[in-house]
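To start, the structure under review is shown below, and the notes come after it.
The values are calculated or read from the model by the stated rules, or taken from the named source; none is laboratory data. Everything numeric here is computed off the predicted structure, so don't read it as measured data. Please note: Cβ atoms are built from the backbone with ideal geometry, for glycine as well, and neighbour counts cover all protein chains shown.
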Amino acid sequence: MMVFIYSIKRILRDKGMLLSMIVLPIAFITLTMIISGDGEYIFNIGVADFDGTSFTEDFIKSLESRGTILRIEDEKEIQRKIIDNSLQLGFVIPQGFTRSIMDNESAAEIKVHRINETDVSVPVGLYIENYLGAAKHIAETVNGNEDDFYRGVEYYRNGLNGIEGLSIDNETGDRIITLNGMGFLVMSMLFFSSSAATLILEDKKNKTFYRVLSSPLKLKSYMLQNLLSFLVVTQLQILAIMLLMSQVFKMNMGPSIINLIILLFAFSLVCISFGNALTSLSKDSRQASVLIPLLVMPMVMLGGCFWPRDIMGATLQRVSNFVPTTWILKGIEKVLHGQPITAITTELIILILFSVVFFLLGTWKKSEVTA
Amino acid sequence: MVVNIKNLVKRYNELLAVDNVSLSIKEGEIFGLLGPNGAGKTTLINTILGLTRFDEGSIEIFEKDFKKHEYDIKKEIGIVPQDLAIFEDLTAYENVDYFGRLYGLKGNLLKERIEEALNFTGLQERKKDFPKKFSGGMKRRLNIACAIMHHPKLIIMDEPTVGIDPQSRKMILESVKKLNKMGSTVIYTSHYMEEVEEICSNITIIDHGRIIAKGTKEELKAMIAFEERVTIQLSAISFNLVDDIKKIDGVKECLLQENELLVVSVRGAGNLSRIIDEVGGKGIEIKGLNIEKPTLEGIFLILTGRSLRD
Ligand SMILES: Nc1ncnc2c1ncn2[C@@H]1O[C@H](COP(=O)(O)OP(=O)(O)OP(=O)(O)O)[C@@H](O)[C@H]1O
Ligand SMILES: [Mg+2]
């Protein structure tokens, strides 16, 4: 196993490789966070509460988990701020609102302001609708008994908290960001594993490969140990980036991290065998380093690492079925939407097929030992 | 017999890189393989190591068939490749450690042997440095350190002294002798005649893939001890000079290299004055004259008509 251990050591010592492995995805993710931050990650809710009952207070408080609440006691101001995009949503609670709910009157309504129904404001809008709808039902049921009404609303609110994360909340926006981040992880996995594979070409160039071949170690063992080390480092990369996404950037990693990891593991197999194919088909590390971006970038773009595949034309979408990145991102999207592992078997199988094909490509051309 | 090669032929398409070579190397020898660029030395070594397939003939190492005993044979060989074969991104110590482990060394023995190899090649103080900080000679020494820590029965050194300073070269030659005394059989290829003369007990000279002479140093020298060799430095050269000198009785060979004329005559030919007359008769001034003792360099020149370092 010494080739394996030394290979890991050499990868971790290589600044260029660390760059493509960790720094590149972090830079990209940070960049998207900054660009999309205003619209998606930061969610400002402006509230003008002219009623001021404990019902409206509780209601506003319950919104805190969904965005930053800003008290703005002026409807005009709210509208202005929505237009200049410092608020993503605002609403006005008219005086006597609580009373009218309890009395079963439909006269007073909350006025919700937003620019349009963006992906991110829809869930909050829905939440508000649901909350108030429930309150009305409770009021009907308790026949205007104030104590019972408050107890009922509290009960409803607690129930909501319990199922938070599964219910409609602002997950949609989160998912877009997470998917974006995953796209960059996928890209950097491809870049990293193919540049790691050039280590073998390096060995050929600096003739240590020659020495290895004259030693008792079998060529097969040397290759496998190298590939295994690339695989292990790729897992470290996945782990590091996922931790960063969830812990530092507070991204929503969806309901099943395990399924994500399974998918990414399958994709790392694709990456390793892709790198192996690439290096065994290229003459030397210089040729390989030209080929890497030439092959990886189209895969990354077609597969939807930078933008949703939907925005591409039908032809391109059809073409994109022939790159593995499409399938890993499809799978990730499904997992983020809470679909079970059975829903991603197609993606998993296709990814495994890709790695088999690449692996065969890599072993196809037997490299001349002493060339 | 450590190595026994019979009628070996290796072709690269049209090119005959090894042409019907037979040789045997006994235990405890320092076997010199001498030949100019492209003679086929490295190709021959690659076939011994099983790295290059050959077309005809047979190779036995440690009296075993290579294919059947590949693992056992390879374990007992240390190779110092012609091109530096070291990891630039590993320290000197790690380089030796890497190859030590490759040859199955472990634990304390491994540590001991690494220190030994580093001491042996004078790299002990630089063991924590990366090779990119090394001079050419130090890299060459590391290249050797990586080949000897497993105390191989057979050490193959393919031009280990190419392009280095005299001091490092001296150190390497000394270490070859030491390794040999410690019990290793050594195959040493070179195109430096002096090196081979200094350290090798048996010498084979090859050119164009063919063996053109072999024997002990003494035997090879005796081959030309029957000859008288004269070199004459000339002030100018003349068109017919070589041909005319060849016509003189007793002259076996005459070669002109730049302004230097080499004349080889049969022993006791007594034709020196006639040679001088011939030169003088063409109006050429003699700037120097040297009657040579036989050297291996001379053998090569005689046998191939070329100087070794062409
Ligand atoms: N892989 C190869 N393919 C084709 N021809 C080759 C190959 N390797 C060597 N040759 C040819 O075989 C001949 C012998 O080469 P070899 O490297 O064995 O010479 P050498 O004696 O080691 O020379 P040098 O002193 O320069 O190292 C040369 O003419 C060389 O061009
Ligand atoms: Mg050579």
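List of remarks:
- Criterion applied to A:Met223, A:Met189 was being surrounded by fewer than 18 Cβ atoms within 10 Å (Cβ to Cβ) and either within 13 Å of chain B (Cβ to nearest Cβ) or under 36 Å from the mean Cα position of the chain (by Cα) (or both), and the one residue passing it is A:Met223.
- Test: A:Val3 is buried (at least 19 other Cβ atoms within 10 Å of the Cβ) and within 14 Å of chain B (Cβ to nearest Cβ): yes
- Check on B:Asn37, away from ligand 1 (no atom under 13 Å from the Cβ) and touching a residue at least 12 places away in the same chain (Cβ under 8 Å): no
Here is a yes/no grid of residues against (1) surrounded by fewer than 16 Cβ atoms within 10 Å (Cβ to Cβ); (2) within 13 Å of ligand 2 (Cβ to nearest atom); (3) outside the structural domain of B:Leu179 (by TED's automatic domain parsing):
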| position | (1), (2), (3) |
| --- | --- |
| B:Asn7 | yes, no, no |
| B:Val18 | no, yes, no |
| B:Val21 | no, no, no |
| B:Ser24 | yes, no, no |
| B:Glu27 | yes, no, no |
| B:Leu34 | no, yes, no |
| B:Lys41 | no, yes, no |
| B:Asn46 | no, yes, no |
| B:Arg53 | yes, no, no |
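- In the condition set (1) over 24 Å from A:Arg13 (Cα atoms); (2) within 13 Å of chain A (Cβ to nearest Cβ), B:Asp55 is compliant with all but (2).
- Residue list for segment B:37-52, filter: within 9 Å of another protein chain (Cβ to nearest Cβ) and among the aliphatic types (A, V, I, L, M): B:Leu49, B:Leu51
- Any hit, segment B:144-159, residues being part of a loop (DSSP other than H, G, I, E, B), farther than 26 Å from B:Asn37 by Cβ and away from chain A (no Cβ under 14 Å): yes
- Of all residues in segment B:75-89 being buried (at least 24 other Cβ atoms within 10 Å of the Cβ), under 20 Å from B:Leu23 (Cβ atoms) and within 16 Å of ligand 2 (Cβ to nearest atom), the one that is nearest to the other protein chains (Cβ to nearest Cβ): B:Ile79
- Residue within segment B:90-98 that is among the small types (Gly, Ala, Ser), within 16 Å of ligand 2 (Cβ to nearest atom), out of contact with any Ser or Thr (no Cβ under 6 Å at 6 or more places or on another chain) and within 27 Å of B:His151 (Cβ to Cβ) present: no
- Matching entry among B:Asp65, B:Asp72 (being over 20 Å from the mean Cα position of the chain (by Cα), more than 14 Å from chain A (Cβ to nearest Cβ) and more than 13 Å from ligand 1 (Cβ to nearest atom)): B:Asp65
- Condition broken by B:Val162, with the remaining ones in (1) away from ligand 1 (no atom under 16 Å from the Cβ); (2) within 14 Å of chain A (Cβ to nearest Cβ) satisfied: (1)
- Those residues of segment B:207-224 which are of a type in the set (A, V, I, L, M) and in contact with a helix residue (DSSP H, G or I) (Cβ under 8 Å, 6 or more places away or on another chain), in sequence order: B:Ile212, B:Ala213, B:Leu220, B:Met223, B:Ile224
- Test result for B:Gly78, closer than 22 Å to B:Ala147 by Cα and in a strand (DSSP E or B): yes
- With respect to (1) within 14 Å of chain A (Cβ to nearest Cβ); (2) in contact (Cβ under 8 Å) with a residue 40 or more places away in the chain; (3) away from ligand 2 (no atom under 15 Å from the Cβ), the lone exception for B:Asn13 is condition (2).
- The residue pairs whose first member lies in segment B:60-83 and is β-branched (Val, Ile, Thr), whose second member is in a strand (DSSP E or B) and within 16 Å of ligand 2 (Cβ to nearest atom), and whose beta carbons are closer than 6 Å, counting only pairs six or more residues apart or on different chains, are B:Ile79/B:Ile156; B:Val80/B:Met157.
- Helices (runs of 4 or more DSSP H) completely within segment A:289-371 that count 2 or more residues being in contact (Cβ under 8 Å) with a residue 24 or more places away in the chain and either assigned by TED's automatic domain parsing to the domain that holds A:Thr208 or touching a strand residue (DSSP E or B) at 6+ places or on another chain (Cβ under 9 Å) (or both): A:324-336, A:345-364
- Subset of segment B:1-34 that is within 13 Å of ligand 1 (Cβ to nearest atom) and in a loop (DSSP other than H, G, I, E, B) - its residue that is farthest from B:His151 (Cα to Cα): B:Glu14
- Failed item, numbered, when B:Leu90 is tested on (1) away from ligand 1 (no atom under 16 Å from the Cβ); (2) part of a helix (DSSP H, G or I): (2)
- Any chance A:Ile115 is at pLDDT below 80, in a loop (DSSP other than H, G, I, E, B) and among the hydrophobic types (A, V, I, L, M, F, W, C): yes
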